[in-house]
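Shown next, in structure tokens, is the structure this report addresses.
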Amino acid sequence: MASNCDVALAWRGLEALPDGQRQLLSVLVAEAEQQGWVLYLVGGAVRDLLLRPAVPGLGLPDLDLVVEGAAPGAGIQLGERLGRLYPDVHLHSYGTFQTCALTWPADSGLGPLSMDIATARAESYPHPGANPVVRPATLAQDLGRRDFTINAMAVRLTEPRAGTWLDPFGGQQDLERRQLRVLHEHSFADDPSRLYRGARLAARLGLTLEPHTEALWRQTLARNPWQPYLQHRGGAPALQHRLRGEFKYLFQSESWRPALRLLAVWRGLDCLVPDFPWQEAMVTQIATAGRLAQAHPFATETWLLSLAVLLTALPPAQRRGVVTQLDLPPKVGQCLESCDALQRCLQSAGRPSQVVAQLEPLGSETLVLLAATGPPWLRRLIRRYWSTWSQIRPFLTGDDLQALGYRPGPTFRGLLQHLRAATLDGVLRDRPAALAYLQSLDTQHSHQTVSE
Ligand code: ATP
Ligand code: MG
């Protein structure tokens, strides 16, 4: 057995947590023992304790706790106990089971730390990708609803038998073998977002998909049991929400590159579009989009732009389908549509002023998307627009025109636009040339100009 996967070592790891985190746990343990409940540390924290050596004072960023033998409100009760002791904690409860989520800010001396306290529950899925129906259960059943064996382990925190290790599905062995294994045959049909979670975890921890798990994914994918529910907005709200959330976590994670590659190689994107046209070049395009987004900020979240990069590879109808399936903000759909139309227009735009007329009305997200995914000539054009053309102003200003006797109005604006276009196209190189040009325009439009 690998020494870094040793249960006793992991338990010592829990004892080696920083004082603040140990203090937190002991408050919860005391409260649970007083109520006659059994409290467990579960999921990712247990997995991470097994993976890392017991370094004194090294905290965990995320603690998931499960209470057994209590009514659904127990999570809230425990959370509120902490809320009274720690005024800077943010407390939120949700769901039928009133799970309690607590977060401590980075400067709290504990974190940043997030904690989830839930009552042990089992789940059943009315249809593939549905919101699960939950019912009270034992800890063993609670572990049985989880995604992978390595996330289905628990450590008992309350007496008697505090420190008992629960690993009903062989998670410890899978962790040693560095593999992801689902707990049952319907796991992916119930929730395909588990594969996305798997890709993130695998990239972070250097894991592979256990062969039977991979075969299960392929078989489930061949049936595509989620499609009827995903086809319209709100058709499978839980699944749409989960998949969207998984894209967000994936693109925001430090190891998004290997995670995305794994997801693509496992054919995880195919549950959205059969035979998703994945190309390795997309990794570079997403990285480019991220860099450009820093230089040209916009309101849309960057992870949505990363996702939009993936979608540019799809024909418009399929792309619209995914926007609906994932219930993405309309802005993303509009951005993708403008990219198509623009690429066609820009191909025939010869002069800088024509390019500027196309690009200027666009939001930065569309420009970034075009620059990151378009062919080299288009990228050059947009970079030129950003670096030079967008900065160019006509040699005469509105004040100059007014001083020359023009009155503000549509024709006035038109004159300024003409002057700018001529400057952009290199026809005008200085102020005298602009004045002469204005005169020539004025002669052409004298009647309209004077009548304003
Ligand atoms: P991380 O270190 O990224 O937080 P984690 O495993 O702790 O990894 P969480 O999202 O915090 O991930 O979830 C906590 C636990 O809840 C998981 O370890 C897993 O047991 C369970 N879980 C989360 N999402 C799912 C899911 N979609 N299906 C089944 N179990 C899940
Ligand atoms: Mg976690």
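Compute the length gained on full extension between Arg161 and Arg223: take 0.36 nm times their separation in residues and subtract their Cα-Cα distance, giving the result in nm to one decimal.
Extra length from Arg161 to Arg223 when fully extended: 17.8 nm.
Over the stretch 1-118, what is the relative contact order in whole percent, taking alpha-carbon pairs under 8 Å and six or more residues apart?
25 percent.
About its Cα centre, how strong a charge dipole does the stretch 1-177 have in debye, to the nearest 20, once Lys and Arg get +1 and Asp and Glu get -1 at the Cβ?
240 debye
Relative contact order for the chain: what is it in percent, counting Cα pairs under 8 Å that are at least 6 residues apart?
Dividing the mean separation by the residue count of the chain yields 9 percent.
Rank-order 318-328, 333-343 by packing density, defined as the average count of other C-beta atoms within 10 Å over each peptide's residues, highest first.
In descending order of packing, they fall as 318-328, 333-343.
With angles folded into 0 to 90 degrees, how steeply does helix 237-252 sit against the dominant principal axis of the chain? Use alpha carbons for both and round to 10.
80 degrees
Taking H as built 1.01 Å from N, whose amide H comes closer than 5 Å to the amide H of Arg121, not counting residues under 5 places away?
Under 5 Å from the amide H of Arg121: Ala137, Asp142.
First select every other residue whose beta carbon is under 12 angstrom from the beta carbon of Lys331; then total the charges, Lys and Arg +1, Asp and Glu -1.
-3
Express in nm, to one decimal, how much length is gained between Val27 and Thr208 on full extension, taking 0.36 nm for each residue of separation and deducting their alpha carbon distance.
61.4 nm is the gain from fully extending Val27 to Thr208.
Computed from the mean reciprocal separation of all distinct C-alpha pairs, what Kirkwood hydrodynamic radius does the chain have, in Å?
The answer is 25.9 Å.
If you put +1 on each Lys and Arg Cβ and -1 on each Asp and Glu Cβ, how big is the dipole of the stretch 326-452 around its Cα centre, in Debye rounded to 20?
380 debye
Once phi is turned into ³J(HN,Hα) by the Karplus curve 6.51 cos²θ - 1.76 cosθ + 1.60 with θ = phi - 60°, what whole-Hz value does each residue of the stretch 312-327 show in order, with x for glycine and proline?
With the stated coefficients, the stretch 312-327 comes to 4, 6, 9, x, x, 5, 5, 5, 4, x, 5, 4, 5, 4, 8, 6 Hz.
Say the dipole of the chain comes from +1 at the beta carbon of Lys and Arg and -1 at that of Asp and Glu; which of Leu359, Pro329, Ala140 then lies farthest toward its positive end?
Working it through, the farthest residue towards the positive pole turns out to be Leu359.
Would you work out the charge dipole size for the stretch 358-432 about its Cα centre, treating the Cβ of every Lys and Arg as +1 and the Cβ of every Asp and Glu as -1, and quote it to the nearest 20 debye?
My answer is approximately 180 debye.
Along the Cα→Cβ direction, 7 angstrom out, place labels at Arg379 and Ala341. What is the inter-label distance in nm?
Here the answer is 2.6 nm between the modelled labels.
Compare the Cα positions of Phe251, Pro237, Gln227 along the charge dipole of the stretch 219-314 (+1 at Cβ of Lys, Arg; -1 at Cβ of Asp, Glu; about the Cα centre) and return the one farthest towards the positive end.
Pro237
Using the per-residue mean of other Cβ atoms lying within 10 Å as a proxy for protection, in what order, highest first, do the peptides 96-107, 385-396 fall?
Averaged packing, sorted descending, gives the order 96-107, 385-396.
Roughly how many Å² is the accessible area per residue of the chain, as a whole number, for a 1.4 Å probe?
Ligands and nucleic acids excluded, the figure is 46 Å² per residue.
At 1.4 Å probe size, with the rest of the protein present, what percent of the exposed accessible area of the stretch 398-451 is carbon and sulfur atoms?
54 percent
Between the stretch 348-377 and the stretch 43-73, what is the C-alpha centre distance in whole Å?
Answer, in whole Å: 50.
May I ask you to give the percent of accessible area on the stretch 188-241 that is carbon plus sulfur, with a probe radius of 1.4 Å?
Solvent-exposed carbon and sulfur of the stretch 188-241 make up 53 percent of the total.
Modelled label-to-label distance, Ala295 and Arg320, 7 Å Cα→beta-carbon offset: nm?
The answer from the label model is 3.4 nm.
R0 = 35 Å: FRET efficiency of Ser387 with Arg407, Cβ-based, nearest 0.05?
0.50
Evaluate the relative contact order of the stretch 342-440 (contact order divided by residue number), counting alpha-carbon pairs under 8 angstrom at least 6 apart; express in whole percent.
Once divided by the residue count of the stretch 342-440, the mean separation gives 27 percent.
Roughly how many whole Å is it from the C-alpha centroid of the stretch 75-141 to that of the stretch 200-251?
23 Å
When the accessible area of the stretch 1-177 is split by element with a 1.4 Å probe, what percent falls to carbon and sulfur?
On the stretch 1-177, the fraction of accessible area on carbon and sulfur atoms equals 52 percent.
Expressed in nm to one decimal, what extension gain is obtained for the pair Val133 and Asp425 from 0.36 nm per residue of sequence separation less their Cα-Cα distance?
Roughly 98.7 nm would be gained on extension.
The values are calculated or read from the model by the stated rules, or taken from the named source; none is laboratory data. The structure presented is a predicted model; accordingly, all values stated were derived computationally and were not measured. Because the Cβ atoms are built from the backbone with ideal geometry, glycine has one as well, and the counts that use them run over all protein chains shown. Note: accessible area is taken over every heavy atom of the protein model, side chains too, but ligands, DNA and RNA are not part of it. Shrake-Rupley method; radii C 1.70, N 1.55, O 1.52, S 1.80 Å.
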